[in-house]
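Notes follow once the structure below has been shown.
Values quoted throughout were computed directly from the atomic coordinates according to the rules given, and no laboratory measurement underlies them. The model shown is predicted, which means the values in this text are computed figures rather than measured ones. Heads up, the Cβs are rebuilt from the backbone with ideal geometry, glycines too, and the neighbour counts pull from every protein chain shown.
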Amino acid sequence: MKTLTTRLNIVVITSMLLLGASLINPALAAPKHASATSEQVIAAQLERIEQKQLVSEMEYEAQIEAEFESQLAKADRKFVSEQCKQYGLKFDKLSGTCLVE
């Protein structure tokens, strides 16, 4: 989680710096003296940054969703187990249901 978060933070910070530089001084974003090759290199680099950011966001979203599903399943098992105890039934861990003893 820390590695993914760190990567995501780096990508976001880099993107923010590029955006900030272009807002502060438009000449920094696309210098007038930049050659066609330089512009292509810059465009390619920005595309790679965008792709890496998208991948990082998707990985982070998948991780958060997996953690949520795990927590939800755990809470559900706990709730059913408590309900079984309340009604004097035995909780079956395998099926996740209450059994009559």
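For the range 81-101, taking the residues that are of a type in the set (Gly, Ala, Ser) and part of a loop (DSSP other than H, G, I, E, B), the one that is surrounded by the most Cβ atoms within 10 Å (Cβ to Cβ) is identified as 96.
Can you tell me how many residues in the range 38-49 are touching a helix residue (DSSP H, G or I) at 6+ places or on another chain (Cβ under 8 Å) and farther than 14 Å from residue 10 by Cβ? So that I can check it myself, show each step before the final result.
Quick first cut of the range 38-49, residues touching a helix residue (DSSP H, G or I) at 6+ places or on another chain (Cβ under 8 Å) only: 46, 49.
If we keep only those that are farther than 14 Å from residue 10 by Cβ as well, we get 46.
Of the residues in the range 38-49, 1 are touching a helix residue (DSSP H, G or I) at 6+ places or on another chain (Cβ under 8 Å) and farther than 14 Å from residue 10 by Cβ.
Residues in the range 65-80 that are acidic (Asp, Glu) and either touching an Asp or Glu at 6+ places or on another chain (Cβ under 6 Å) or surrounded by 11 or more Cβ atoms within 10 Å (Cβ to Cβ) (or both) were compared, and the one that is farthest from residue 97 (Cα to Cα) is 67.
Of all residues in the range 33-57, those satisfying the criterion of being free of Cβ contacts under 8 Å to residues at least 12 places away in the same chain and of a type in the set (A, V, I, L, M) are 34, 36, 41, 43, 44, 54, 55.
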